[in-house]
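K.L.:
Got a structure for you, written out below as structure tokens; questions coming shortly.
The values are calculated or read from the model by the stated rules, or taken from the named source; none is laboratory data. Because the structure is predicted, anything quoted here is derived from the model rather than measured. Here Cβ is always computed from backbone atoms with ideal geometry, including for glycine, and neighbour counts include all displayed protein chains.
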Amino acid sequence: MAVYKFKTPISEEDIRKLKVNDVLYVTGTIVTARDQAHRRALEFFKQGKPLPLNLEGLAVFHCGPVVSKEGDKWTAVAAGPTTSTRMDIFEDEFIKNFKVRVVIGKGGMGKKTTDAIAKYGAVYGAFTGGAAILAARAIKNVRGVEWLDLGTPEAMWIFEVEEFGPLAVAIDSHGNNIFTDVQKKVEEGKQRIYQKLGLTT
Amino acid sequence: MDIGKIVEDVAFNLLKQAVIYLPDDVKQALKKAYAEETSDTGKTQLKAILDNVELAEKYKAPVCQDTGTIIFYVKAGSEAKDLDKIENALINATRKATKEIPLRPNSVDPFTQKNSGDNTGRYIPFLHWEIVPGNSIELTAMTKGGGSENVCVTGMLVPGEGINGLKKFVIDAVIKAGAQPCPPTILGMAIGGGADISIKLAKKTLLKPLNESNPNPEIAKLERDIFEAANMTGIGPMGLGGKTTVLGVHVDYAFRHPASFPAAVAFNCWAARRASARINADGTIEYLTHKIK
């Protein structure tokens with residue numbers, strides 16, 4: 001379990017050094033995207049329209065923050081991760097087209113995303129679900145927001161962060177996925193639990 | 001005396017208490033879990049949770065960015081006056097809390113996908129009414145996160161399998177939910193009544209403190225058995241592996257139709273946010289779960 005501190009833009013070479021169970025802290029630019037922003041970003045790509053920001057080497061964060069606005073200035077009040085599985089239907093294309101190097105979320109992702117992470121060079125960093133203030137304290141500046149018409153949770157927020165983490169590297173570019181490993185073990189131990197509860201199956 | 005205004009102020013305070021300050025019983029359970037967790041990754045997750053709980057209190061900010069769907073449980077004394085003012089007052093409190101705490105706007109029209117922006121909408125905030133003897137009004141605010149809501153289940157089990165069917169149903173639900181509901185979670189379970197009644201009762205048990213087990217010793221034993229079994233799964237904090245998967249289990253029941261065995265499991269994330277207060281007939285207020293800060 002090694003600890004890495006990377007600055008964006010992160011290179012493919014650097015990200016491939018990471019292995020599952022390592023801990024990563026990211027400094028630089030991260031952008032939020034949930035279901036709606038993923039969908040719109042991919043539509044833009046299909047239509048040949050540029051995104052509001054070049055995402056190459058950056059981190060995409062599955063997050064719908066609590067924000068407040070004073071004058072023209074936005075502040076991230078609370079900004080923990082949302083469940084990543086909802087983005088599974090978009091993420092392989094997202095990684096492939098926009099070359100993000102870190103996907104930050106909670107709950108893990110499926111095989112399609114795991115394959116894309118290995119193929120294009122990225123990691124999935126699990127941020128502790130609900131640890132919204134820990135995350136917000138690492139956000140030093142809200143650089144901007146795009147697509148506010150989607151509502152504040154679904155908009156694309158551009159954050160400048162300092163040592164954003166700890167991110168548990170849960171899917172690495174070598175095809176490992178902690179969540180799948182845990183699930184496998186849980187399934188293997190299921191009969192033992194049934195027995196404890198006096199169930200015959 | 002303006003009951004509407006009092007209810008609005010109290011509901012606003014309850015929402016604020018609930019989203020910022022975790023109940024003491026939940027904090028204690030998290031600390032115990034951290035002390036006992038043996039997986040390194042699991043321990044890191046619990047440490048981040050505990051640090052975050054402390055930071056939320058320090059900066060008076062919502063403990064989780066998903067400030068949930070807002071639900072109120074109202075126990076109205078049958079002799080309390082102006083009960084017709086309560087619904088509007090709770091809606092106003094919700095709007096004010098969304099703007100001032102602030103809360104994340106979490107109320108979306110399912111047909112147009114438009115977010116109302118203020119946490120209100122058709123049936124939202126949802127109000128559960130109960131008429132009780134007396135002249136006071138007891139209000140409870142629950143702000144229920146979406147991640148843990150997405151794995152709640154209701155099932156119509158086979159009556160012949162009895163409680164064993166229920167045990168399998170809940171363990172399978174915990175395993176299927178895996179990392180999604182932000183474990184360690186709290187499980188609310190209920191049997192009987194009907195499909196709607198079982199999930200309603202299950203969710204309501206999430207209002208109980210973790211250290212309050214069912215007064216019926218047999219049901220309390222079922223709660224303990226499920227608790228131990230769920231923690232044997234190895235799902236662990238945030239699904240990254242470990243021995244802390246649930247912090248507590250509550251069971252409730254209603255009598256069932258002879259042909260039916262409805263069962264429900266309501267999950268709550270570790271950020272189990274709830275707060276209650278009593279408004280007495282003379283307008284005095286007692287905060288029941290949090291000391292007003």
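K.L.:
For region B:40-69, give me each residue that is at the interface with chain A (Cβ under 7 Å from one of its Cβ atoms) and either assigned to a helix (DSSP H, G or I) or more than 13 Å from B:Ala271 (Cβ to Cβ) (or both).
P.N.:
Result: B:Asp40, B:Thr41, B:Thr44, B:Gln45, B:Ala48, B:Ile49, B:Asp51, B:Asn52, B:Leu55, B:Ala56, B:Tyr59.
K.L.:
Checking the structure you have, find out if any residue of region B:202-224 is within 23 Å of A:Thr180 (Cβ to Cβ), surrounded by fewer than 22 Cβ atoms within 10 Å (Cβ to Cβ) and without any contact (Cβ under 8 Å) to a residue 12 or more places away in the chain.
P.N.:
No, region B:202-224 has no match at all.
K.L.:
How many residues are buried (at least 17 other Cβ atoms within 10 Å of the Cβ) and modelled with pLDDT under 95 when one looks only at region B:109-124?
P.N.:
1
K.L.:
Is it fair to say A:Leu51 is among the aliphatic types (A, V, I, L, M), under 16 Å from A:Phe164 (Cβ atoms) and either in contact with a Phe, Trp or Tyr (Cβ under 6 Å, 6 or more places away or on another chain) or away from chain B (no Cβ under 14 Å) (or both)?
P.N.:
No, not satisfied.
K.L.:
Okay, next question. So, of the residues in region A:150-174 that are modelled with pLDDT of 95 or more and either of a type in the set (Phe, Trp, Tyr) or assigned to a helix (DSSP H, G or I) (or both), which turns out to be nearest to A:Ala2 (Cα to Cα)?
P.N.:
A:Phe164
K.L.:
Quick test of your reading of the structure: B:Ala93 fulfils all but one of (1) surrounded by 24 or more Cβ atoms within 10 Å (Cβ to Cβ); (2) without any contact (Cβ under 8 Å) to a residue 60 or more places away in the chain; (3) of a type in the set (A, V, I, L, M, F, W, C); (4) more than 19 Å from A:Thr75 (Cβ to Cβ). Name the failing condition by number.
P.N.:
(2)
K.L.:
Tell me, which residue of region B:14-39 that is under 26 Å from A:Thr75 (Cβ atoms) and more than 11 Å from chain A (Cβ to nearest Cβ) is surrounded by the fewest Cβ atoms within 10 Å (Cβ to Cβ)?
P.N.:
In this case the residue turns out to be B:Tyr21.
K.L.:
Restricting to region A:128-144, give me the number of residues that are crowded, with 18+ Cβ neighbours inside 10 Å and either in contact (Cβ under 8 Å) with a residue 60 or more places away in the chain or more than 14 Å from chain B (Cβ to nearest Cβ) (or both).
P.N.:
Result for region A:128-144: 5.
K.L.:
I'm told A:Asp35 meets every condition in (1) free of Cβ contacts under 8 Å to residues at least 60 places away in the same chain; (2) acidic (Asp, Glu); (3) surrounded by fewer than 22 Cβ atoms within 10 Å (Cβ to Cβ) except one. Can you identify the failing condition by its number?
P.N.:
(1)
K.L.:
Sticking with this structure for a sec: So which residues in region A:164-193 are crowded, with 18+ Cβ neighbours inside 10 Å, more than 7 Å from every other protein chain (Cβ to nearest Cβ) and either among the aromatic types (Phe, Trp, Tyr) or free of Cβ contacts under 8 Å to residues at least 40 places away in the same chain (or both), if there are any at all?
P.N.:
A:Phe164
K.L.:
Of the residues A:Glu43, A:Glu12, only one is more than 15 Å from A:Val123 (Cβ to Cβ), out of contact with any strand residue (DSSP E or B) (no Cβ under 7 Å at 6 or more places or on another chain) and of a type in the set (Asp, Glu); which?
P.N.:
One residue alone meets the criteria, A:Glu43.
K.L.:
Still on this structure: Condition check: over 28 Å from B:Glu130 (Cβ atoms) and touching a residue at least 12 places away in the same chain (Cβ under 8 Å). Does B:Gly241 satisfy that?
P.N.:
Yes, satisfied.
K.L.:
Among the numbered conditions (1) surrounded by fewer than 22 Cβ atoms within 10 Å (Cβ to Cβ); (2) over 27 Å from B:Gly68 (Cβ atoms); (3) touching a residue at least 40 places away in the same chain (Cβ under 8 Å), tell me where A:Ile158 comes up short.
P.N.:
(2)
K.L.:
Still on this model: Count, please, the residues in region B:1-39 that happen to be closer than 20 Å to B:Val74 by Cβ and part of a helix (DSSP H, G or I).
P.N.:
17
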